[in-house]
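The values are calculated or read from the model by the stated rules, or taken from the named source; none is laboratory data. Predicted model, so just to flag it, every value in this text is computed and none were measured. Cβ placement follows ideal geometry from the backbone for every residue including glycine, while neighbour counts extend to all protein chains displayed.
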Amino acid sequence: MAAEDDRREITFAAELRRLRQRAQLTLEALAEASGVSARTIGGLERGHSLGPQRRTVMALADGLGLGVAERAGLEQLAEVGRPRPVTAPAGWCVPPRPVPDFTGRDAELDRIVALAGGSGPAASVVVLSGPGGIGKTTLAVQAGRRLAEAAGLDLFYIDLRGMDAEPLDLATALFRLLKALGVGNRDLADGVDGRSGQLRALLEQQPAIVVLDNARDEDQVRPLLPGVGSAPVLVTSRRLLTGLEGVARLPVPVLAADAGIALLSHIVGDTGGPRGDGLADLAGLCGGLPLALRIIGNRLATRPNWTARQLADRLADSERRLGQINAGDLQITAAFAMSYDQLTPAAQRLCRRMALVPGPDFEAGLASVLCEASVFDTEDLLEELYELGLLTQSGGGRYSFHDLIRLFAADRLAAEEPPEEQERLLKLMVDWLLTVAAAAGRWFEPAHGAAPVGWQEPVDLSTSDAASAWLHTEADNWLGAYRVAVAREWDREVVATADAFHWFSDHWDHWEHWREVFGGAVAAAVRLGDVVAHATQLNNLAWAHGAGGERLKAADLGLSAVRIAEQAGDLVQQGWGYQYAAHSLIPIDPAESLRYSEQADRLMEEAGDIEGRLSVLVTQSAALLFLNRPQDAAEKARQTLEMARAPQEGEAKRMIADMASLSGHWTLARVHGGLGDDAAAEDSCRTTAALAERLGLPLYQGKAEVSLARILHRTGRNAEAAAALRAARARFVELKAAADVEEADQLLAQWDGPSS
């Protein structure tokens, strides 16, 4: 009887120590033999956990080499030390009610379940981040329910109120979680540290799924995380919580367009008839933001006489949109304001001022102009906005607002900065964007070909490639600034900017906005009364219409430029006017084209405009081809190549000469092809394509590849022909050149079956 009483007093900790010492194993040796860490074994021997989980006990038994009886005895002691399951008191850490119309998050749910189910010594922690209204809470609770049901575990939820003026304090959060785990008041540990340790120990013994919603920062989360065991935790926060270590992360995206429409349909319920007309537009105006969709869905559901189209029309006005996205106590502006209020004053200033940016995204250099701070300081503020979910970040260090957050920022700007300050900031931004755009465009001019002397703006213009990249990447922003300048009749800035694009526009001739750019400059030059500028911009506009296929309009504009340039006695612009008229008339009236080009050549020669003469030679060779004079066309092409081969000082002049060479080789390719000299035509096509690739002219490269493909197919090299044609088609698709894509598809269908 005494022996049985002694047996009942033996604890798991004491028995583990006795068995390890009997086996003459150190903590480290047993750790190596069992796979359980030495730190954990030491804690078990000190009684930190009276009843470890069975898998831990079995691993230790394996490491100790125990027989069947001793293994059973050790497991029995662990079982005695384990707390009995306790039903959580009602009302503690109960999750929100399920959302019946939860939609469009299958991929995110699968991802969370996969991340939370990862194996490892530490419990899985998944951080869901994103701006207010993105649906983090709903997604986390839905994922928590799925995890809990799959594992047969309890689901505990606690709102940390991180965006409130007074977030939930840690002592209260720990108290609620411990109560949910069944701890009585008299058994609660003292202090935050004590309760945090008690929570970790209990979650190891009694695993559960925990959702920590709306966390303010890392310090509010760390004491609530489990240690070892299978108690996954899902944390939601508007911040990225980058300081948390060893966690998986999931930035929650906006809903896809079809999911947004589906969510609206579920909320409204009767969208099959006329009431549902315009539902896609309505969803689009919400930008895939679940809170906005829910608010708008509720508004439509409670107004049975409204159609989706009527509500979409109300929201179409961007100045009224935010005010319309409210339903009862749900307001989209309240969600954004919580984040805005968390920012430092400097970050708030940057947030509202960036609403002035005309394009969909921007980089730190432009932000620093509106922030009126250094790029380095501005980058810190941008990171603050990004960390709090008010900005998204894409490749190349570019930032963007969600459309509704941009509208919120604009509201803040209107409310917090007086009108004269807003106008000053707008002018500051426009001047900077147009200054950089003009400097980048002038890289391609014969007289410039480099960044301005003493260039100190935070934009790399060290090479023509860098200048071209900036003009392409920032096109929405500098074009938006240009439109502001045109609307406010800042005419000198308008003319100076457009004037800088004369040569660059050849490198981006498929851009759809050149007519707008040069048309605005024509009107500005007229208002200024500058006759030379008027003729110059008319010529630029003639080129733009010609590049867009409006040949007669282009010829008329070119001849109008000649007449105006004659008034000013400007030979160069007279020559360019005749050149644009000649180039536009090539396929319409090649004889007239040749006459105009001869006048252009005479004027260009008298003015000493070598680059202009190169353009004229290209036009003459093309007109001669249309007149069925291939030998004369080839002679003009050879003159073009000879003039282009002359030594050129400066990168811009070399680029212009290279473009003339491209046209010369292209003419020779067509001449050789027409004469049946396939070998020479192939060589010229390959040279043309290579030059176009080097100059960054994908449209010309694709056209040369199509001609090359025809030659290859004609000479029996069908596989090479199909490869060249597919390469050309890919370029046309990227450029949205529909007619060229159609031509490539027709050839592929003839040669190789339907394209894919």
- Query: Restricted to segment 614-670, and to residues that are at pLDDT below 90 and assigned to a loop (DSSP other than H, G, I, E, B), which residue is surrounded by the most Cβ atoms within 10 Å (Cβ to Cβ)?
  - Reply: Gln648
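For segment 678-698, give me the residue count where each residue is touching a helix residue (DSSP H, G or I) at 6+ places or on another chain (Cβ under 7 Å) and surrounded by fewer than 17 Cβ atoms within 10 Å (Cβ to Cβ). Let's see the steps before the verdict.
Initially, segment 678-698 is screened for residues touching a helix residue (DSSP H, G or I) at 6+ places or on another chain (Cβ under 7 Å), giving 678, 680-682, 684-689, 691-693, 695-698.
Now drop any that are not surrounded by fewer than 17 Cβ atoms within 10 Å (Cβ to Cβ), which leaves 678, 680, 693, 696.
Going through segment 678-698 one residue at a time, the tally reaches 4.
Among residues belonging to segment 279-290 that are surrounded by fewer than 18 Cβ atoms within 10 Å (Cβ to Cβ) and not charged (D, E, K, R), point out the one that is farthest from Ser129 (Cα to Cα).
At the first step, the residues of segment 279-290 found to be surrounded by fewer than 18 Cβ atoms within 10 Å (Cβ to Cβ) are 280-281, 284.
Still in the running and not charged (D, E, K, R): 280, 284.
Details: Ala280: 27, Gly284: 22 Å.
Selected residue: Ala280.
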- Message: Being over 29 Å from Gly35 (Cβ atoms), in a loop (DSSP other than H, G, I, E, B) and in the same structural domain as Ile209 (by TED's automatic domain parsing) is the requirement here; does Gly162 meet it?
- Response: yes
- Index of the failed condition, Gly144 passing every other in (1) among the small types (Gly, Ala, Ser); (2) without any contact (Cβ under 8 Å) to a residue 60 or more places away in the chain; (3) in a helix (DSSP H, G or I); (4) within 30 Å of Leu289 (Cβ to Cβ): (2)
- Look through Lys636, Lys653 and report the one residue that is of a type outside the set (Asp, Glu) and not assigned by TED's automatic domain parsing to the domain that holds Arg717. Lys636
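Among the residues of segment 522-530, is there at least one that is in contact (Cβ under 8 Å) with a residue 12 or more places away in the chain, within 24 Å of Val618 (Cα to Cα) and buried (at least 19 other Cβ atoms within 10 Å of the Cβ)? Reasoning before the result, please.
As a first pass, look at segment 522-530 and keep what is in contact (Cβ under 8 Å) with a residue 12 or more places away in the chain: 522-525, 527-528, 530.
Filter once more, keeping what is within 24 Å of Val618 (Cα to Cα): none.
No, every residue in segment 522-530 fails to be in contact (Cβ under 8 Å) with a residue 12 or more places away in the chain, within 24 Å of Val618 (Cα to Cα) and buried (at least 19 other Cβ atoms within 10 Å of the Cβ).
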- Among (1) in contact (Cβ under 8 Å) with a residue 60 or more places away in the chain; (2) part of a loop (DSSP other than H, G, I, E, B), Gly676 falls short only on (1)
- Among the residues of segment 196-208, is there at least one that is within 20 Å of Pro96 (Cα to Cα), surrounded by fewer than 22 Cβ atoms within 10 Å (Cβ to Cβ) and among the basic types (Lys, Arg)? no
- State whether one or more residues within segment 382-395 are of a type in the set (Phe, Trp, Tyr), farther than 30 Å from Glu611 by Cβ and touching a strand residue (DSSP E or B) at 6+ places or on another chain (Cβ under 8 Å). yes
- Report, by residue number, each residue of segment 401-431 that is buried (at least 20 other Cβ atoms within 10 Å of the Cβ) and outside the structural domain of Arg352 (by TED's automatic domain parsing). Met429, Val430
- Query: When the residues of segment 9-34 are filtered to those that are loosely packed, with under 14 Cβ neighbours inside 10 Å and outside any helix (DSSP H, G or I), which remaining residue is farthest from the chain's Cα centre (by Cα)?
  - Reply: Ile10
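Based on what the data block shows, is Ala347 in contact (Cβ under 8 Å) with a residue 24 or more places away in the chain, surrounded by 19 or more Cβ atoms within 10 Å (Cβ to Cβ) and closer than 30 Å to Thr271 by Cβ?
Details: in contact (Cβ under 8 Å) with a residue 24 or more places away in the chain: yes; surrounded by 19 or more Cβ atoms within 10 Å (Cβ to Cβ): yes; closer than 30 Å to Thr271 by Cβ: no.
So Ala347 fails the test.
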- Message: Return the residues of segment 702-753 that are under 33 Å from the mean Cα position of the chain (by Cα) and not in a helix (DSSP H, G or I); say none if nothing qualifies.
- Response: Lys736, Ala737
- Query: Which ones in segment 222-255 are over 33 Å from the mean Cα position of the chain (by Cα) and under 18 Å from Ala148 (Cβ atoms)?
  - Reply: Leu224, Pro226, Gly229, Ser230, Ala231
- Message: Return the pair list, or none, for Cβ contacts closer than 6 Å from residues in segment 114-138 that are more than 22 Å from Ala256 (Cα to Cα) to residues that are modelled with pLDDT under 95 and polar (S, T, N, Q), at least 6 apart or on different chains.
- Response: Ala116/Ser124; Gly118/Ser124
- Mind checking which residues of segment 324-364 are more than 24 Å from the chain's Cα centre (by Cα) and assigned to a loop (DSSP other than H, G, I, E, B)? Ile325, Gly328, Asp329, Thr344
- Task: Among the residues of segment 566-585, write down those that are surrounded by fewer than 24 Cβ atoms within 10 Å (Cβ to Cβ) and more than 23 Å from Pro446 (Cβ to Cβ).
- Result: Glu566, Gln567
- Message: Suppose the filter is within 23 Å of Ala634 (Cα to Cα) and touching a Cys at 6+ places or on another chain (Cβ under 9 Å); does Gly702 pass it?
- Response: no
- Note on the structure: Of the conditions (1) touching a Leu at 6+ places or on another chain (Cβ under 9 Å); (2) assigned to a loop (DSSP other than H, G, I, E, B), the single one that Ala367 does not satisfy is (2)
- Item | Breaking point among (1) surrounded by fewer than 17 Cβ atoms within 10 Å (Cβ to Cβ); (2) modelled with pLDDT under 80, for Ala72 | (2)
- Which residues, taken from segment 481-492, are touching a residue at least 12 places away in the same chain (Cβ under 8 Å) and within 31 Å of the chain's Cα centre (by Cα)? Ala481, Tyr482, Arg483, Val484, Ala485, Val486
- Task: Determine whether segment 362-369 contains at least one residue that is of a type in the set (S, T, N, Q) and either closer than 23 Å to Glu417 by Cα or free of Cβ contacts under 8 Å to residues at least 12 places away in the same chain (or both).
- Result: yes
